[in-house]
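*Asks:* Structure below; questions to follow.
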Amino acid sequence: MEQPVEQAVETYPEVGEALKIGTVARRLGISASMLRAWEKVGVVRPSRTGSSYRIYTKEDLRILRRAVYLRRSVGLNAPAIVSQLRQEGLLNHRGARASREPPSLGPMLRKLRLERGESLATVARAADVSIGFLSNLERSQTGVSIGAMRKLAQHYGVNILDFFSPAEAKRPLVRASERRILRGGEGVQMELLASGKIIMEPHLFRVAAGAGSGEFYSHEGEEFLFLTRGRLVIQLEDREFRLCAGDSFYFESTIPHRWFNPGKRETVILWINTPPTF
């Protein structure tokens, strides 16, 4: 049975009326540990009291109810839930980890195209995408796969990371809570494990069930993968490799390649490119 209102609800000057994690978990019918896990991937980010207790607002509860529906009725996993909530405009709030989200890809692509004096048709033809798709992408009305993003980067003579923000200063330590997070299309999240002018470019990839790179792509350099969780299929031209947790893989980036998660659960990969041409 739910606690009485006077025990379940408290008032804090910075957020007003708010709920504690136990009360929220009971109202939603999920565990407190799931709430903490969802917090890590950005579904919601509750405020903290001076004693570091999590407190949830009514807006947080509204978003969490939608997340529970997406999990139970639609069958989405956590990264896919975050993507769907963002598309629905529900993560433009205090709890969306805004400080770690990259700026929109669209304005940067439009800026690069206009600086070169090129038409939508010219760039679309070079990247092998439709004019309508490129137009929607520049207006931030659609997502883009890593394969298509790579082709656009090659056309403009930049790396994928250049689309999001200028290079950060090199530093030896990157804490988990400070990682930059990039989106590589539906269900693909990339977390940067190092920054600055570096020789190796390490990422932590989180690939939702059924998600992947899209079409084949290639670039200069070499790549190393280590699967920490889940399964992955990698295709190098006409060769196919199936990887499981604990497997590692090394290949030349100049070989056209594509990849996807064939499993029913999220795949997590330590992925390193060298030189940083991703």
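*Asks:* When you scan the stretch 217-260, how many residues do you find that are out of contact with any Phe, Trp or Tyr (no Cβ under 6 Å at 6 or more places or on another chain) and in a loop (DSSP other than H, G, I, E, B)?
*Replies:* 13
*Asks:* Inside the stretch 194-216, can you point out the residues that are assigned to a strand (DSSP E or B) and of a type in the set (Lys, Arg)?
*Replies:* Here is the first cut: in the stretch 194-216, the ones assigned to a strand (DSSP E or B) are 201-207, 212.
Selection gives Arg206 alone.
*Asks:* Is it true that Glu191 is assigned to a loop (DSSP other than H, G, I, E, B), surrounded by 17 or more Cβ atoms within 10 Å (Cβ to Cβ), modelled with pLDDT of 75 or more and not aliphatic (A, V, I, L, M)? Reasoning before the result, please.
*Replies:* Values: assigned to a loop (DSSP other than H, G, I, E, B): no; surrounded by 17 or more Cβ atoms within 10 Å (Cβ to Cβ): yes; modelled with pLDDT of 75 or more: yes; not aliphatic (A, V, I, L, M): yes.
So Glu191 does not fit the description; no.
Matching residues to (1) touching a Gly at 6+ places or on another chain (Cβ under 7 Å); (2) open to solvent by 30 Å² or more (accessible area, probe 1.4 Å); (3) over 24 Å from Ile81 (Cα atoms); (4) free of Cβ contacts under 8 Å to residues at least 60 places away in the same chain:
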position: Tyr156; (1), (2), (3), (4): no, no, yes, yes
position: Pro172; (1), (2), (3), (4): no, yes, yes, yes
position: Gly185; (1), (2), (3), (4): yes, no, no, yes
position: Met200; (1), (2), (3), (4): no, yes, yes, no
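*Asks:* Please give the number of the condition Gly196 fails out of (1) in contact with a Pro (Cβ under 8 Å, 6 or more places away or on another chain); (2) surrounded by fewer than 20 Cβ atoms within 10 Å (Cβ to Cβ); (3) at pLDDT below 95.
*Replies:* (1)
*Asks:* For the list (1) at pLDDT 95 or above; (2) open to solvent by 70 Å² or more (accessible area, probe 1.4 Å), I need the number of the one condition that Val233 fails.
*Replies:* Condition (2) is where Val233 drops out.
*Asks:* Out of all the residues in the stretch 176-183, is one or more within 23 Å of Gly75 (Cα to Cα) and out of contact with any His (no Cβ under 9 Å at 6 or more places or on another chain)?
*Replies:* Yes, the conditions are met somewhere in the stretch 176-183.
*Asks:* Consider the stretch 138-154. How many of its residues are within 17 Å of the chain's Cα centre (by Cα) and crowded, with 18+ Cβ neighbours inside 10 Å? Break it down stepwise before answering.
*Replies:* Looking only at the stretch 138-154, we keep the residues that are within 17 Å of the chain's Cα centre (by Cα), and these are 140-150.
Subsequent filtering for residues that are crowded, with 18+ Cβ neighbours inside 10 Å retains 143-150.
Residues in the stretch 138-154 being within 17 Å of the chain's Cα centre (by Cα) and crowded, with 18+ Cβ neighbours inside 10 Å: 8 in total.
*Asks:* So, in the stretch 158-170, how many residues would count as being modelled with pLDDT of 80 or more and either part of a helix (DSSP H, G or I) or crowded, with 17+ Cβ neighbours inside 10 Å (or both)?
*Replies:* Restricting attention to the stretch 158-170, the residues satisfying the condition of being modelled with pLDDT of 80 or more are 158.
Still in the list and also either part of a helix (DSSP H, G or I) or crowded, with 17+ Cβ neighbours inside 10 Å (or both): none.
The number of residues fulfilling the criteria is 0.
*Asks:* Oh, and also: Every residue in the stretch 261-278 that is part of a loop (DSSP other than H, G, I, E, B) and among the hydroxyl-bearing types (Ser, Thr, Tyr), please.
*Replies:* So in the stretch 261-278, the residues part of a loop (DSSP other than H, G, I, E, B) come out as 261-266, 275-278.
Once the filter is applied, which keeps residues that are part of a loop (DSSP other than H, G, I, E, B) and among the hydroxyl-bearing types (Ser, Thr, Tyr), the stretch 261-278 yields only Thr277.
*Asks:* Just checking, which of Leu204, Leu243 is touching a residue at least 12 places away in the same chain (Cβ under 8 Å) and either buried (at least 18 other Cβ atoms within 10 Å of the Cβ) or of a type in the set (S, T, N, Q) (or both)? Please lay out each step first, then the result.
*Replies:* On the way: Leu204 fails: either buried (at least 18 other Cβ atoms within 10 Å of the Cβ) or of a type in the set (S, T, N, Q) (or both).
Unique residue meeting the criteria: Leu243.
*Asks:* Additional query: Assess whether Glu240 counts as being in contact with a strand residue (DSSP E or B) (Cβ under 8 Å, 6 or more places away or on another chain) and closer than 21 Å to Met149 by Cβ.
*Replies:* So Glu240 fails the test.
*Asks:* Restricting the stretch 214-230 to residues that are in contact with a Ser or Thr (Cβ under 6 Å, 6 or more places away or on another chain) and modelled with pLDDT under 90, which is least open to solvent (accessible area, probe 1.4 Å)?
*Replies:* Once the filter is applied, the top-ranked residue is His219.
*Asks:* Sticking with this structure for a sec: Among Arg54, Arg26, Arg66, Arg72, which is the only one that is at pLDDT 80 or above and touching a Pro at 6+ places or on another chain (Cβ under 6 Å)? Walk me through how you get there before you give the answer.
*Replies:* Details: Arg26 fails: touching a Pro at 6+ places or on another chain (Cβ under 6 Å); Arg66 fails: touching a Pro at 6+ places or on another chain (Cβ under 6 Å); Arg72 fails: touching a Pro at 6+ places or on another chain (Cβ under 6 Å).
After applying the criteria, what remains is Arg54.
*Asks:* Separate question: On the given criteria, is Phe205 of a type outside the set (Gly, Ala, Ser), closer than 23 Å to Val144 by Cβ and within 21 Å of the chain's Cα centre (by Cα)?
*Replies:* Working: of a type outside the set (Gly, Ala, Ser): yes; closer than 23 Å to Val144 by Cβ: yes; within 21 Å of the chain's Cα centre (by Cα): yes.
Yes: the conditions hold for Phe205.
The values are calculated or read from the model by the stated rules, or taken from the named source; none is laboratory data. All values derive from a computational prediction rather than experimental measurement. Ideal geometry is used to build each Cβ from the backbone, glycine not excepted, and the neighbour counts take in all protein chains shown. The accessibility values were calculated without ligands, DNA or RNA, using every heavy atom of the protein model including side chains. Shrake-Rupley method; radii C 1.70, N 1.55, O 1.52, S 1.80 Å.
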